[in-house]
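These notes concern the structure reproduced below.
The values are calculated or read from the model by the stated rules, or taken from the named source; none is laboratory data. Computed from a predicted model, the values in this text were never measured in an experiment. Cβ placement follows ideal geometry from the backbone for every residue including glycine, while neighbour counts extend to all protein chains displayed.
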Amino acid sequence: MKFIHISDTHLIGDEYRSLYGIDPEFRLKKAFQSIDRWHKDASFIVITGDLSNDGSSSSYEKLKAIIRNSTLPVYLILGNHDIRDNFKRFFPQYASYKFVQYSQKTEDRVFLFLDSVVEHSPYGKLCEERLSWLKNQLDTYKKESIYIFMHHHPISCGLYEMDNVGNFKTKDRFWDLLKKHKNIKHISFGHIHRIMHSCRNNISLHSTRGTAFQVAFRTDCKEEYLTNEENPTYAIIDIDKNDNTRVHHHEFMNEDRIYAGEC
Ligand SMILES: [Fe+2]
C-alpha cells in the first residue's frame, strides 16, 4: 500500500494577499492536482499540521474546498499555527474529542494521528491525557504494524530555533513509551519545513517540505527563523507486505519539466 504525506500548508485568511511572497492556496491546489494525476492508487493522504498559518475561519474554508475535490480520503492533524476550535467548526468529524487525535485501522496496520499542539505556542507536547491515549492504543494493537503521524519533530533536527523554541517538549516520555513496543514501523512528521530522514530504536522517521514556504538549513543561525525558496514537496510512502517503507519526495510545482535521458 502507499499513502501520500503533505505538510505545513499554511493557508492564509482572506485578509492576507500572500505569505513570504507565495500563495499557499495555489500551491496546495497544485499538490492535490499532482496527487490526483499520479497517485490515484494511494490509500489516503495525510496532512501533518500547520494547515492554516493564522488559524482563521477563511483559511480552513479554503482547505475544506480543496479537500472536497480529492478522490482519496484525507486525514488531518494540527500544528502550532492551527486553532482547534476554528478547525473543528469546518471539520466537525474531528469534534468528538477535545484533541485532534485518533486512529485508523486496516486489517494488519494501525495509523495513529497525534495532536502535539499547545495552542499559541511554537513548541509542542503530549500532555498526560494524550500520552495515556497513545499508551492505550499501543497496548491494544500489539499484533498490528503501527505508523505514527505528528506535527512536531520527535527527534532533534539540528536547527537551533526548531530544537530550542519550536521543539517537542515530551520527547523523552514519548520515546520511553515507544521503546516498549517493537511493532512501530515508521513516524511521519512536519513542522521543520524540510526533508529529513532518521532512524531511532529501529523506527524510521521522515519529514517532507511544506507545500507553502521552506526553512533554510542554517545551523549557524540562532537569532532568526530563515525561510528560503526551495521548492515545495509532498512525500509518497510505499509499504510492502513486510512493512519495509520507501519514501520519495516529489517537487510538484514543475513536474512537467521532464526530459528523456539514459541511466
Ligand atoms: Fe509550519
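Quick notes
- Which numbered condition ASP14 misses (of (1) modelled with pLDDT under 95; (2) in contact with a Phe, Trp or Tyr (Cβ under 8 Å, 6 or more places away or on another chain); (3) farther than 21 Å from ARG209 by Cα): (2)
- Residue match in the stretch 118-141 (condition: touching a residue at least 24 places away in the same chain (Cβ under 8 Å), within 16 Å of the ligand (Cβ to nearest atom) and buried (at least 20 other Cβ atoms within 10 Å of the Cβ)): yes
- Which numbered condition PHE44 fails, given (1) within 16 Å of the ligand (Cβ to nearest atom); (2) in contact with a Pro (Cβ under 8 Å, 6 or more places away or on another chain); (3) not acidic (Asp, Glu): (1)
- Count of residues meeting criterion [surrounded by 10 or more Cβ atoms within 10 Å (Cβ to Cβ) and in a loop (DSSP other than H, G, I, E, B)] in the stretch 246-263: 4
- Out of ASP220, ASP172, ASP238, ASP176, sole residue that is of a type in the set (Asp, Glu) and either on the phi > 0 side of the Ramachandran plot or part of a strand (DSSP E or B) (or both): ASP238
- Qualifying residue in the stretch 51-72 (condition: in contact with a Lys or Arg (Cβ under 9 Å, 6 or more places away or on another chain), in a helix (DSSP H, G or I), at pLDDT 95 or above and not β-branched (Val, Ile, Thr)): yes
- Of all residues in the stretch 179-198, exactly one satisfies the criterion of being among the hydrophobic types (A, V, I, L, M, F, W, C), under 15 Å from GLY79 (Cβ atoms) and assigned to a loop (DSSP other than H, G, I, E, B), namely ILE192.
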